[in-house]
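Trainee: Dumping the structure here so I can ask a few things about it.
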Amino acid sequence: MMDFSKDPREAEKQIQAIIYYLVTFGYIDGDFDPDEQAFVKDYISQIVEHKLQQSNAYKEMPEKAVLQLKAEQEEHYNLVFEQNDQAVRELFTEVVDSQETVQKFIRHRLKLRCYEIFRSFEEDNRNALMEVIDEFIMADGVEHPAEVEFRNELADLLHLEIMLDMDELEVVPTTLEVTDEIARKIAQTNHPFMRNLEVHYSGDDDERNAQAGEEMKLIEDTIARMDELRVVGKDKLSGVSTFTDLMNEDDFFLDGHVFVIPPKAGQQYDITVLGDLHGCYSCLKAALLQADFFNAVEAYHQDPVANAKPIVILLGDYIDRGKFSYAGILRAVMQLFLKYPGHVFPLRGNHEYYIEYEGTIYGGVLPAEAINVHRDYLPREFFLTYMKFFEQLPTVAVFDQLFFVHAGIPKDDLIESWPDLAKLNDPEVRFQMLWSDPSEADIIPKTLQEESARFPFGTMQFANFMATVGCNVMVRGHTKVVEGFKTVVDDGSHKLLNLFSAGGQYNDDLPSGSSYRSVTPKALTIAYKDGELTATPWVIDYESYNSPVYNRFFSVSPAIDYEEKS
Ligand SMILES: [Mn+2]
């Protein structure tokens, strides 16, 4: 067995890494059965024994005290074991691209996590860890092919010499400061703009068809407006290498699927960012009224010099999970976009993805509650129109050096051949930016990225991509963070912020058993004044809008029962 580090913190890290790896092995060929679990627990006991024998300090201790210490440590590491086991089980509830089997996804995630843990060690320790693994594989006298294969794949990944050549890229460190969370009271309890759109789909077929017709008209109008913007913004990204070169443009524009919002000299901005909403209409309404959006727009148009320009950037994932996907979030987002040009920038999430197969429209991300609940009640054309709209939704918004996107950066092989910013409109690049997740490892090897639609990227890959496009802050959603907001990367030059705006323990926008209820939904305000940037997270007061007094969706029972159908 390996000699653990003399530094107690390092030794703890080593043992935790081994335990995670052992749990992982339990799941590699399917079920982690009681026999295997007992085996791991026995192995933990051996590790503790070995660690104590290795330490001279215990030699002087009476036997009884050593036994006591051993029991305590075993208890501690058994708890670590239980926690790791729980964490792996939770992976099974995560969304996967419908092309991907759960088992394949789990295997990828386990390998990624082992890679992250092992890569955080120096090479000597890394090799020692691999030796423990070999010992463990042989511990029951049998070499299981799946275990050996997994072990070899991990070893290969760790032996790769991966480097990123960032020397030629210029990095301007961000000055954006993330402040502590603040409490934000509702500025105005209700607004006719919101009240008027709060209408459920009717139980009457004719009425509901008429509603579907109106909604399709709204979608077509939204597409038409985006088309107009695209005519004006056409090819503005071509031949341009970084967004800093575009920040002198007079006004915001849309080139393909990229919004560019250059700050005007002397103008203040108040940007409200919303992460995944997933059908939580009460979250959207509360956030807009807490941000006092409607009054702020009016004030700005009356006196743009004295008042900040209010902007809302939505990071996508409007649908599924919660009950108010079409009638609710999407209806509101499209109406906001049309009514407040230059103030509202909706982006696409990976859930905004429908596919057509033999004439039927399906959700491309499972489970697709929105379409599954409504399929029998709304015409095929309705979903077809949405499918078209989803393809038109922009993927990226850039303000100053802030990059807003649903999930993250594209894979290495697409960044390697990066001619100019127009590449952001490449369909494959757009798709990947809706799916990726940041990893705590510095670099994720290509082979590991290729294993999953929901692929990881390392902190150096993140920094490299940001430098490539001339940005230094990314604001993204996609990952369910229970705290609602989290700074994922802060390396002094770059920041990566993760926002989640759906959730709420008591939020009846979500089904009673929804795992999203564990999230505290948050919004982020980014203030821009004289070139200074401040980002402030705040809790969304959804509870005030679960009431029939302030939300008409709650004053009448819906004709389509969401909980029963989903
Ligand atoms: Mn997502």
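The values are calculated or read from the model by the stated rules, or taken from the named source; none is laboratory data. A quick note: this is a predicted structure, and the numbers were derived from the prediction, not measured. Cβ placement follows ideal geometry from the backbone for every residue including glycine, while neighbour counts extend to all protein chains displayed.
Trainee: Here are the criteria: (1) β-branched (Val, Ile, Thr); (2) touching a helix residue (DSSP H, G or I) at 6+ places or on another chain (Cβ under 7 Å); (3) within 16 Å of the ligand (Cβ to nearest atom); (4) touching a residue at least 60 places away in the same chain (Cβ under 8 Å). Tell me which single one Val482 does not satisfy.
Mentor: The single condition Val482 does not satisfy is (4).
Trainee: Would you tally the residues in region 460-479 being more than 16 Å from the ligand (Cβ to nearest atom) and either of a type in the set (S, T, N, Q) or crowded, with 19+ Cβ neighbours inside 10 Å (or both)?
Mentor: Filtering region 460-479 down to residues more than 16 Å from the ligand (Cβ to nearest atom) leaves 460-473.
Right, trim to either of a type in the set (S, T, N, Q) or crowded, with 19+ Cβ neighbours inside 10 Å (or both) and you get 461-473.
Residues flagged as more than 16 Å from the ligand (Cβ to nearest atom) and either of a type in the set (S, T, N, Q) or crowded, with 19+ Cβ neighbours inside 10 Å (or both) within region 460-479 amount to 13.
Trainee: Among what's in region 430-486 and is assigned to a loop (DSSP other than H, G, I, E, B) and hydroxyl-bearing (Ser, Thr, Tyr), pick the residue that is farthest from Thr536 (Cα to Cα). Quick ask: steps written out before the conclusion?
Mentor: Just the residues of region 430-486 that are assigned to a loop (DSSP other than H, G, I, E, B), to begin with: 434-436, 439-445, 450-455, 458, 470-472, 477-484.
So of that shortlist, the ones also hydroxyl-bearing (Ser, Thr, Tyr) come out as 436, 439, 452, 479.
Values: Ser436: 25, Ser439: 24, Ser452: 33, Thr479: 19 Å.
Per the stated criteria, the residue is Ser452.
Trainee: Can you go through Val260, Val312, Val273 and tell me which one is in the same structural domain as Arg225 (by TED's automatic domain parsing), closer than 25 Å to Leu237 by Cβ, over 21 Å from the mean Cα position of the chain (by Cα) and surrounded by 21 or more Cβ atoms within 10 Å (Cβ to Cβ)? Reasoning before the result, please.
Mentor: On the way: Val312 fails: over 21 Å from the mean Cα position of the chain (by Cα); Val273 fails: over 21 Å from the mean Cα position of the chain (by Cα).
Exactly one residue qualifies, and that residue is Val260.
Trainee: Continuing with this model, one more query. Looking at Lys70, Lys41, Lys13, Lys6 in this structure, which one is more than 24 Å from Arg113 (Cα to Cα) and part of a helix (DSSP H, G or I)? Even if it seems obvious, please write down each step before you answer.
Mentor: Values: Lys41 fails: more than 24 Å from Arg113 (Cα to Cα); Lys13 fails: more than 24 Å from Arg113 (Cα to Cα); Lys6 fails: part of a helix (DSSP H, G or I).
Exactly one of Lys70, Lys41, Lys13, Lys6 is more than 24 Å from Arg113 (Cα to Cα) and part of a helix (DSSP H, G or I), namely Lys70.
Trainee: Here is a further query. Of all residues in region 398-422 being within 16 Å of the ligand (Cβ to nearest atom) and part of a loop (DSSP other than H, G, I, E, B), which is nearest to Gly275 (Cα to Cα)? Full working, then the answer.
Mentor: To start, the set of residues in region 398-422 that are within 16 Å of the ligand (Cβ to nearest atom) comprises 404-410.
Those left that are additionally part of a loop (DSSP other than H, G, I, E, B): 406-410.
On the way: His406: 8, Ala407: 10, Gly408: 13, Ile409: 17, Pro410: 19 Å.
My answer is His406.
Trainee: Within region 143-177, take every residue that is at pLDDT 75 or above and β-branched (Val, Ile, Thr) and give me the one that is farthest from the chain's Cα centre (by Cα).
Mentor: Val148
Trainee: Restricting attention to strands (runs of 3 or more DSSP E) lying wholly within region 286-377, give those where 3 or more residues are hydrophobic (A, V, I, L, M, F, W, C), at pLDDT 95 or above and more than 16 Å from the ligand (Cβ to nearest atom). Step through it out loud before you land on a result.
Mentor: On the way: elements: 309-314, 344-346, 354-357, 360-363.
Fully inside region 286-377 and qualifying: nothing.
Trainee: For Ala535, indicate whether it is within 16 Å of the ligand (Cβ to nearest atom) and closer than 20 Å to Leu315 by Cα. Write out each step before concluding.
Mentor: Working: within 16 Å of the ligand (Cβ to nearest atom): no; closer than 20 Å to Leu315 by Cα: yes.
Answer is no for this residue.
Trainee: Within region 76-98, take every residue that is more than 19 Å from Cys114 (Cβ to Cβ) and loosely packed, with under 12 Cβ neighbours inside 10 Å and give me the one that is modelled with the highest pLDDT.
Mentor: Of everything passing the filter in region 76-98, Leu79 is modelled with the highest pLDDT.
Trainee: Can Glu543 be described as within 20 Å of Pro310 (Cβ to Cβ) and of a type in the set (Asp, Glu)? Even if it seems obvious, please write down each step before you answer.
Mentor: Working: within 20 Å of Pro310 (Cβ to Cβ): no; of a type in the set (Asp, Glu): yes.
Taking the combined requirement at face value, the residue does not satisfy it.
Trainee: Take Asp31 and decide whether it is surrounded by fewer than 17 Cβ atoms within 10 Å (Cβ to Cβ), farther than 17 Å from Glu12 by Cβ and more than 34 Å from the chain's Cα centre (by Cα). So that I can check it myself, show each step before the final result.
Mentor: Numbers: surrounded by fewer than 17 Cβ atoms within 10 Å (Cβ to Cβ): yes; farther than 17 Å from Glu12 by Cβ: yes; more than 34 Å from the chain's Cα centre (by Cα): no.
The answer is no for Asp31.
Trainee: Scan Asp491, Asp509 and give me the residue that is modelled with pLDDT under 95, in contact with a helix residue (DSSP H, G or I) (Cβ under 7 Å, 6 or more places away or on another chain) and more than 15 Å from the ligand (Cβ to nearest atom). I'd like the intermediate steps shown before the answer.
Mentor: Numbers: Asp509 fails: modelled with pLDDT under 95.
Checking each option against the conditions leaves just Asp491.
Trainee: How many residues does region 432-448 contain that are away from the ligand (no atom under 16 Å from the Cβ) and either buried (at least 22 other Cβ atoms within 10 Å of the Cβ) or not assigned by TED's automatic domain parsing to the domain that holds Leu497 (or both)?
Mentor: The first filter runs over region 432-448 and keeps only residues away from the ligand (no atom under 16 Å from the Cβ), leaving 439-448.
Adding the requirement that they be either buried (at least 22 other Cβ atoms within 10 Å of the Cβ) or not assigned by TED's automatic domain parsing to the domain that holds Leu497 (or both) leaves 439, 441, 444, 448.
The qualifying residues number 4.
Trainee: Using beta carbons and a limit of 7 Å, which pairs, at least six apart or on different chains, have the first residue in region 1-28 and in contact (Cβ under 8 Å) with a residue 24 or more places away in the chain and the second one hydroxyl-bearing (Ser, Thr, Tyr)?
Mentor: Cβ pairs passing all conditions: Ala11/Ser5; Gln14/Ser5; Ile15/Tyr77; Ile19/Tyr77; Leu22/Tyr43.
Trainee: Limited to region 531-559, what total is found for residues that are surrounded by fewer than 22 Cβ atoms within 10 Å (Cβ to Cβ) and in contact with a Gly (Cβ under 8 Å, 6 or more places away or on another chain)?
Mentor: Looking only at that region, the number is 3.
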